[in-house]
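The values are calculated or read from the model by the stated rules, or taken from the named source; none is laboratory data. None of these values were measured; they are calculated from a predicted model. Counting neighbours? That spans all protein chains shown, and the Cβs are built from the backbone with ideal geometry, glycine included.
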Amino acid sequence: MSLCLVTGSAGLIGSEAVRHFAAQGFDVIGLDNNLRQTFFGPDASTLWNRDQLQADVPGYQHHSLDIRDRDGVDALFRQHGKAISLIVHCAAQPSHDWAARDPIMDFTVNANGTLHLLQAMRDHAPEAVFIFCSTNKVYGDTPNFLPLKELETRWEIDPTHAYAGGIPETMSIDHSKHSLFGASKVAADILVQEYGKYFGLRTAAFRGGCLTGPRHSGTQLHGFLSYLMRCVATGKQYTIYGYKGKQVRDNIHAADLIAAFDAFAKAPRCGEVYNIGGGRFSNCSMAEAITECERIAGRKADIVYAEANRIGDHIWYVSDLAKFQGHYPEWKLRYDCPAILREIYEQNLERWQREAL
């Protein structure tokens, strides 16, 4: 039977991948050593999700392996060899702010860890498909120089602009401020492309917008919708950083993202790049998300506003999905922002209340 190897397997996207590809008939090996707790504290621990996977997914094999451990990664690939037919690489240090505190650890996780996986695949499983969770932060702050207008609840692009339908993969990644997190993900993104184009491996970098869903261990530094919904539902204070709370993100549910991964895995290409997110179907501003969270939870949010925005943060970002949809026209988004927030609330409220005691 074919093996699917998932890094960051107890995280939001990784756990969705484990469940999805196990249901497709793969044997699944997961790598996750709960570094998210190291990055963001006890509230961000993914152990609860790991335990659910081990209870719910028959045959799931979990390894607490750090992708910075080159020898350990190589040994795992050598052990399973060409039985590995799919690699879904979700493990990362995902925060702008955290990267600035420890740039070396950020780079070794995001860039070196990706390199270890790619080389192990090349050495031991060259026929496999490699799917990488990249980020829209590879574009740095270039999107902030688009012609944006301030509306009542959001910033919005000029409707006559070429990017009015979303930002395409042709936007330059040069001459912009990325944050150190963005820089380490650029390095990984380019490596994924080069192992595809130079060595002929079947690889793709998916440059995600906001990836979200009910299995997200959201925190103040990462996990916008999940953390906001948790704060509103439990009465915890939430801080908005800059842009009057009108900054816009497109949000994609983990299940919709994994469906895109599945489409690529079944008809892979070499060294591809795709912008992937909620697009014009699923996007919201911070202010609009707060209003929706209040409606769902039936209570007012405790909001604090900080004037300074996060370095390298986007004012407006909506993904142009045309390239991916052109290659895989059967793929469609199913969840919009209200549906995502409702599911996050309904599936997590009891756990949040229990943990707050």
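Consider T212 against the criteria (1) surrounded by 23 or more Cβ atoms within 10 Å (Cβ to Cβ); (2) polar (S, T, N, Q); (3) at pLDDT below 90: it satisfies all of them except one. Which criterion is unmet? Just one mismatch for T212, condition (3). Of R202, R249, all but one fail to be in contact with a Phe, Trp or Tyr (Cβ under 9 Å, 6 or more places away or on another chain), surrounded by fewer than 24 Cβ atoms within 10 Å (Cβ to Cβ) and modelled with pLDDT of 95 or more; the exception is R202. The criterion of being out of contact with any Cys (no Cβ under 9 Å at 6 or more places or on another chain), crowded, with 20+ Cβ neighbours inside 10 Å, modelled with pLDDT of 95 or more and within 23 Å of L257 (Cβ to Cβ) does not hold for V73. Just so you know, in region 326-346 the residues that are of a type outside the set (D, E) and touching a Gly at 6+ places or on another chain (Cβ under 9 Å) include one that is farthest from R249 (Cα to Cα), and it is I344. Taken over region 19-44, the criterion of being of a type in the set (S, T, N, Q), surrounded by fewer than 18 Cβ atoms within 10 Å (Cβ to Cβ), farther than 18 Å from I258 by Cα and in contact (Cβ under 8 Å) with a residue 24 or more places away in the chain is satisfied by N34 alone. Do we have A91 as within 22 Å of the chain's Cα centre (by Cα) and buried (at least 19 other Cβ atoms within 10 Å of the Cβ) here? Yes; evaluated as a whole, the condition is true for this residue. Evaluate the following for S176: is it touching a residue at least 12 places away in the same chain (Cβ under 8 Å), more than 26 Å from C270 (Cα to Cα), in contact with a Ser or Thr (Cβ under 9 Å, 6 or more places away or on another chain) and surrounded by fewer than 22 Cβ atoms within 10 Å (Cβ to Cβ)? Yes. Checking each residue in region 28-48 for being closer than 14 Å to R215 by Cα, part of a helix (DSSP H, G or I) and under 16 Å from the mean Cα position of the chain (by Cα) picks out R36, A44. Is region 195-214 home to any residue that is in a helix (DSSP H, G or I), touching a Gly at 6+ places or on another chain (Cβ under 7 Å) and farther than 24 Å from W155 by Cβ? Looking through region 195-214, at least one residue is in a helix (DSSP H, G or I), touching a Gly at 6+ places or on another chain (Cβ under 7 Å) and farther than 24 Å from W155 by Cβ. Got a number for residues in region 49-70 being crowded, with 18+ Cβ neighbours inside 10 Å and either more than 23 Å from the chain's Cα centre (by Cα) or over 15 Å from A91 (Cα atoms) (or both)? Qualifying residue count, region 49-70: 3. Taking the residues in region 164-181 that are among the aliphatic types (A, V, I, L, M) and in contact with a helix residue (DSSP H, G or I) (Cβ under 7 Å, 6 or more places away or on another chain) as candidates, determine which candidate is farthest from W316 (Cα to Cα). Here the residue is L180. Of the helices (runs of 4 or more DSSP H) that lie entirely inside region 82-168, those containing 2 or more residues that are among the small types (G, A, S) span 96-101, 113-124.
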